[in-house]
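J.: There's a structure below that I have some questions on.
The values are calculated or read from the model by the stated rules, or taken from the named source; none is laboratory data. What you see is a predicted model, and the numbers here were worked out from it, not measured in a lab. Here the Cβ positions follow ideal geometry from the backbone for every residue, glycine too, while neighbour counts run over all protein chains shown.
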């Protein structure tokens, strides 16, 4: 299949965060034709300079706000950017329950600012692409059966998912109204190296190693589809190159799991890799009050990206989980620095 677009000078927003770090590393490792990767990141709690340490000279980190139109315009012009990969977002549901307006500002106003500025900077150009990374949470909750498709109606449940739904609509509007060449991906739950330790898998690793309780919401029956971050980054790269402007592509890991089963599997991996003399880490599991508006089940139909672009996940869940646990065991200094600086393992989102 022939590429429709060849990125050479890329702006990655949120590139010092979890998925952004994976994407920057993927591009530098796999795309020698890429001349420049400019990371724009506000370096809030989830963005970390250390994530990009040691990368080659093609990568530049700029600390700044996606809501700052003049800053974005200057970067697009000065760095001769031909591709925006937009990942910057407030992304934790629990935090959105506590501070919803911060999510509206970054996810809605920030996305609109980027779209508006890119359109103005790229007038008359045909060699450009704007890619917007979103989430399956915009679709709301599934029952015991069914899958999210690209044409599933939006039904967001949290301030986070509502703000991401708004940003998706803006991206589509800029394509339909102004002809900006936009593509969108909606992905399932990512996991893997560099994830801030407030999300389920790194949170459980950190607490288990500290001998603390492993807090599972409700009865742990909520179901998510798990996508290894490197597979997601490969999908983003593929959609940017070969995806049709105006098109949305769902990206899933084909790995539905109940939360309690994820925690059980994680404990079993830790039992094998870092055994505790006190017994299995499963003994630390505790059940806590559920968070408000907790969707029951997410599951992705990735038929479009599979059929049209030939993408499929390559890392199965057990393999990815072990790789993730080994990474966190080998990077405890990185984890502990974040925990100390940001209280990363503190529960949030109790309305």
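J.: Which residue out of 20, 14 is within 20 Å of residue 311 (Cβ to Cβ), buried (at least 24 other Cβ atoms within 10 Å of the Cβ) and at pLDDT 95 or above?
T.: 20
J.: Which pairs turn up if I take residues in the range 270-296 that are touching a residue at least 40 places away in the same chain (Cβ under 8 Å) and look for partners that are loosely packed, with under 13 Cβ neighbours inside 10 Å and assigned to a loop (DSSP other than H, G, I, E, B) with beta carbon separation below 7 Å, at least 6 apart in sequence or on another chain?
T.: 287/219; 292/351
J.: Among the residues of the range 135-149, is any more than 21 Å from residue 294 (Cβ to Cβ), modelled with pLDDT of 95 or more and surrounded by fewer than 20 Cβ atoms within 10 Å (Cβ to Cβ)?
T.: Yes, the range 135-149 contains at least one residue that is more than 21 Å from residue 294 (Cβ to Cβ), modelled with pLDDT of 95 or more and surrounded by fewer than 20 Cβ atoms within 10 Å (Cβ to Cβ).
J.: Mind counting the residues in the range 92-103 that are surrounded by fewer than 19 Cβ atoms within 10 Å (Cβ to Cβ) and touching a helix residue (DSSP H, G or I) at 6+ places or on another chain (Cβ under 7 Å)?
T.: Qualifying residue count, the range 92-103: 1.
J.: Could you grab me the full set of residues in the range 47-57 that are buried (at least 17 other Cβ atoms within 10 Å of the Cβ), free of Cβ contacts under 8 Å to residues at least 60 places away in the same chain and part of a loop (DSSP other than H, G, I, E, B)?
T.: 47, 55
J.: Anything in the range 157-178 that is in a loop (DSSP other than H, G, I, E, B) and surrounded by fewer than 20 Cβ atoms within 10 Å (Cβ to Cβ)? List them, or say none.
T.: 157
J.: Could you please find all residues in the range 269-297 being buried (at least 17 other Cβ atoms within 10 Å of the Cβ) and assigned to a helix (DSSP H, G or I)?
T.: The answer is 269, 270, 281, 284.
J.: Follow-up question, since we're still on this one. For the range 114-124: of the residues being in a loop (DSSP other than H, G, I, E, B) and at pLDDT 95 or above, which is farthest from residue 296 (Cα to Cα)?
T.: 123
J.: Go through the residues of the range 6-15 one by one and say whether even a single one is assigned to a loop (DSSP other than H, G, I, E, B), closer than 26 Å to residue 334 by Cβ and under 15 Å from the mean Cα position of the chain (by Cα).
T.: Scanning the range 6-15, I find at least one residue that is assigned to a loop (DSSP other than H, G, I, E, B), closer than 26 Å to residue 334 by Cβ and under 15 Å from the mean Cα position of the chain (by Cα), so the answer is yes.
J.: With the condition kept exactly as written, say whether any residue in the range 32-46 is in contact (Cβ under 8 Å) with a residue 60 or more places away in the chain, closer than 17 Å to residue 229 by Cα, assigned to a loop (DSSP other than H, G, I, E, B) and out of contact with any strand residue (DSSP E or B) (no Cβ under 8 Å at 6 or more places or on another chain).
T.: Yes - at least one qualifying residue is present in the range 32-46.
J.: Looking at 137, 150, 144, which is the one that is touching a residue at least 12 places away in the same chain (Cβ under 8 Å), assigned to a loop (DSSP other than H, G, I, E, B) and under 30 Å from residue 178 (Cα atoms)?
T.: Answer to the check: 150.
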